[in-house]
Every structure is written in C-alpha cells, then in structure tokens.
Amino acid sequence: MLKKQTPLIFELSVPGRAAHQLPECDVPEIDLRSLLPADLLRDVSVELPEVGEVDVIRHFTRLSQKNYGVDAGFYPLGSCTMKYNPKINEEAARLDGFAKVHPYQPEQTVQGCLELLYKTDRLLAEITGMERVSLQPAAGAHGELAGLMIIKAFHENNGDFNRKKIIVPDSAHGTNPASASVIGFTVVEVKSDERGGIDLDSLKALMDDEVAGLMLTNPNTLGLFDENIDVISDIVHQAGGLLYYDGANANA
C-alpha cells in the first residue's frame, strides 16, 4: 500500500495564521519602494504560507523522516566524517563571535576570532607537516580547487607547462574530476585493486612527464584506508607530480 503523500506546506496554509509575531518596529519605517528602482519591485505580493510554528516543525520533521540521515543510521561514506561531528559543535558555530562576525569589521573588534583562526592554522600545519596552510576554502570542492590551483602554479613556476594530467581513482568522489576539469586539467582514471585501494601497476603505467598530480582520498569513498599510501606517494613524486589529499581527511 502506498504511504499517504505529505502535503505541501502551502496546502497547510490558513489565512491569518502566523508562527511568530515580530515586535513593533523601534526605528523609523521607510517604504522600500523608495529605495529600489521600479524594475526590481514585485507586481504582486509574495505568496508565503500562513502556518503556525507547530505546523512548520511537524511538516519539516515529517519530510526529514522520508530521507536517510546520520541521525537515523550509519552513513559510511569514506572519510566524510563531518557527518559525525558532535552536536555541541553546532553550538560553537552559533557563538556571536563567529556567526555575527563580518569580513569588513575593524580588526580590533574581531581579535578573539582571529586568534582562534591563527591557532587553528598553526595546529593544522603541525598535524599535516606543512609549513603553511590556508583557511580560505569554504567547502570540500573549494579546497580541491585551491589545491589544484597550487599544483598548476607549482609546475608553471618551474617552467613545466607540459603537465596537464590529473590522475583520479575510479572510487573518487565526483567533485574530484569536476574540480580538475575546471582548472583545465585532463582527468585520467586509475583502477582500484581487489582490496579497494589504488592498483599500483595501473598507477605506474600512467606515469609520464605530463602528469601534474594525483588526487587521493584516504580513507577513500569506500571507507577503506589505502595502506600503500607511502608507495603511491613515491611513485607520483618520482614522476615529478604532486599528491593532493582530498576532502574531509583532516576530519577523519
């Protein structure tokens, strides 16, 4: 038997019902039509649903239960361990010093935030063995893009403009080849072995003077740690390429 279809929140709308009443305005009111050009103004009012707070909570909770999520079960997507972050982290992220900070604020007003960023920078450098790190990328694919731009700049700075290939495992996350393509690299796939790691013979066969680097998630998207990482790294480096460690591994 088919389950009863969940109605749209617009279908739950009742004229005059409200979830939350805003306090009276304590500043001079200005007609927005006087601030915006006529071509940016709507001809008709926004059709928003009129529902109570309980209706909103129940509606979206019901929708969330239709999907599989980490709160309801195990989510084994390799190294993407941000899905297992303690809920207390959400409280920290909502602190005013983070949630309400603005990039154009005077430096003297955000010293606490800058101190935490600096300490995070230094800790990540120590953990990874790097001299410098960047906290600029806002997400995994953004980090991939930044890493690949560094790889490209490294080779071009050395006058090696022939390195146009990025090797990506067949088990890689889809953003890997996408990021490489955006940078202008040619994506070359390397096969996995019977254990789910990179097939070393296949990797060796792909090495030439056009390889810019290898993108590798470890543990990979199968949830497996590739025990041959040292050998893989040596193979790529000996061919003049660089190794990019992908995604959420600082969280793994």
Residues that are outside the structural domain of Y244 (by TED's automatic domain parsing) and hydrophobic (A, V, I, L, M, F, W, C): which helices (runs of 4 or more DSSP H) entirely in the range 135-215 hold 2 or more of them? none
Give me the residue from the range 68-92 that is surrounded by fewer than 10 Cβ atoms within 10 Å (Cβ to Cβ) and closer than 30 Å to V110 by Cα and, out of that set, modelled with the lowest pLDDT. P86
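When the range 110-122 is examined, which residues are found to be among the hydrophobic types (A, V, I, L, M, F, W, C) and more than 18 Å from A93 (Cβ to Cβ)?
Within the range 110-122, the first condition is being among the hydrophobic types (A, V, I, L, M, F, W, C), and the residues that meet it are 110, 113-114, 116-117.
Within the range 110-122, no residue meets the criteria.
Conditions (1) surrounded by fewer than 19 Cβ atoms within 10 Å (Cβ to Cβ); (2) at pLDDT below 95; (3) closer than 24 Å to F98 by Cα, marked per residue:
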| site | (1), (2), (3) |
| --- | --- |
| L135 | yes, yes, yes |
| A141 | yes, yes, yes |
| F154 | yes, no, no |
| R163 | no, no, no |
Could you please let me know if N218 is within 17 Å of S192 (Cβ to Cβ), in contact (Cβ under 8 Å) with a residue 12 or more places away in the chain, assigned by TED's automatic domain parsing to the domain that holds A178 and within 26 Å of the chain's Cα centre (by Cα)? yes
Matching residues, the range 107-129, being hydrophobic (A, V, I, L, M, F, W, C) and either outside the structural domain of G97 (by TED's automatic domain parsing) or in a helix (DSSP H, G or I) (or both): C113, L114, L116, L117, L123, L124, A125, I127
Residue pairs within 9 Å by beta carbon, gap of at least six or interchain, first lying in the range 96-114 and within 17 Å of L135 (Cα to Cα), second surrounded by fewer than 10 Cβ atoms within 10 Å (Cβ to Cβ) and at pLDDT 90 or above, listed first then second, are V110/H102; L114/E107
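Condition first: of a type in the set (G, A, S) and surrounded by fewer than 10 Cβ atoms within 10 Å (Cβ to Cβ). Now tell me which residues in the range 94-129 satisfy that. It would help to see each step written out before you state the result.
Looking only at the range 94-129, we keep the residues that are of a type in the set (G, A, S), and these are 97, 99, 112, 125, 129.
The answer is A99, G129.
The values are calculated or read from the model by the stated rules, or taken from the named source; none is laboratory data. Because the structure is a prediction, the values reported are computed rather than measured. Neighbour counts run over all protein chains shown; Cβ positions are idealised from the backbone, glycine included.
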